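Comments concern the structure below.
Nothing in this text is a laboratory measurement; each read-out follows from the coordinates by a stated rule. Remember, predicted model here, so these are calculated numbers, not experimental data. Note: ideal-geometry Cβ built from the backbone for every residue, glycine included; neighbour counts use all protein chains shown.
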Amino acid sequence: MNENSRGVLYIVFGDNFIKEMKFSAESVKRYNPDLHITVFSDKKFDCEYVDEIRKIEVKHLRPKIDYIADAPYDQTLFLDTDTIINHSLDDLFGILDKYDIALAHDLARKRKKFFHSIPEYGKIPYSFSEVNTGVIAFNRNEKTLNLFKMWKENFYKYYHVVPWDQPSFRVSVWNSDVSMYVLPVEYNIRSKANRAKQVRFHKEFGEEHLKPRIFHMHADTRINQGKYEVNSLKEALEICKKNFMRY
């Protein structure tokens, strides 16, 4: 494997995001010292953890959409600047030996407020969640390049409705032929404030948003010891609601 066949990409602009990115890049190198890092930026800067800087022109707050397809690696991990790596990334890249792209679910599963303004978005079932575009592992191939092209087209198509990137990405992935793996939550740990925001803006998402669909737990945990003293579905459901893990 040559040195540029696998690496991390950041796409940044402005002094504050550049400063934040430097901390993220440092965390990458701490656990992955041999992993190459490229930054696309609107200005030059110094950073001992970055291997290459490429100048870009930034037109809006989501330049990743314009430039992610230009990643210089065969296998890329794109990271937003507000990420901190806490482990080796070998396993994350390993998933790309089987899948075209890998991302984690976002807490914004499906936003009700876009049902009419973005009809394509509204027709996709709730079970096909939005994914978080701040952590994207992908192979550079025809399928992912077509996906990124579609994403860019849909982003600008619906920019007047939503100037951020996840709704247009959801539509694009749904209509693409990429093989996508959904990463477990430990690859995209979100803050308590982010979870609270979903609750605060619940009306924008709809009453069904994040409502538990299937509980999977023993209502009486002593069942394997020969005891099960739950006497009704109502009682079992109350126990499950009290004990389920917030995601």
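Averaging sequence separations of C-alpha pairs under 8 Å and six or more residues apart, then dividing by the length of the chain, give the relative contact order as a whole percent.
18
What is the packing order of peptides 34-45, 54-65, taking the mean over residues of other C-beta atoms within 10 Å and listing the highest first?
34-45, 54-65
Given q = 0.13, 0.15 Å⁻¹, what are the Debye log10 I(q)/I(0) values for the chain, with equal point scatterers placed on the Cα positions and solvent ignored?
Those come out to -0.88, -1.10, one per q.
What does the charge add up to near S191, with Lys and Arg as +1, Asp and Glu as -1, over the other residues with Cβ less than 11 Å from its Cβ?
Counting the neighbours of S191, the net charge comes to +3.
Let me have the 222 nm mean residue ellipticity of the chain computed from DSSP H runs of 4+ only, each contributing -39500 (n - 2.57), with the sum over all residues rounded to the nearest 500.
One gets -9000 deg cm²/dmol as the mean residue ellipticity at 222 nm.
Starting from 0 in steps of 10 Å, tell me what percent of the Cα-Cα pairs of the range 1-102 lands in each bin.
So the P(r) values, bin by bin, are 15, 51, 30, 4.
So what's the Cα pair-distance distribution over the range 63-129, bin width 5 Å, in %?
Percent of pairs per bin, in order: 3, 11, 16, 18, 19, 17, 10, 5, 0.
About the Cα centre, and with charges only on the beta carbon of Lys, Arg (+1) and Asp, Glu (-1), how big is the dipole of the chain? Nearest 20 debye, please. Kindly include the intermediate steps, with their values, before the conclusion.
Working: 39 positive and 35 negative charges, 260 e Å.
The dipole magnitude comes to about 1240 debye.
Rg(Cα) of the range 92-144 divided by 2.2 N^0.38 Å?
Against the empirical 2.2 N^0.38 Å value, I get 1.37 for the range 92-144.
Considering every Cα-Cα pair within the range 164-247, what fraction, in whole percent, is farther apart than 22 Å?
Percentage above 22 Å: 52.
Counting other Cβ atoms within 10 Å, which trypsin sites (Lys or Arg not before Pro) in the range 176-247 have at most 15 and lie in a DSSP loop?
Working: sites: R190, K192, R195, K197, R200, K203, R213, R222, K227, K234, K241, K242, R246; in loops: R190, R213, R222, K227, R246.
Passing both the DSSP loop test and the Cβ count: R213, R222, K227, R246.
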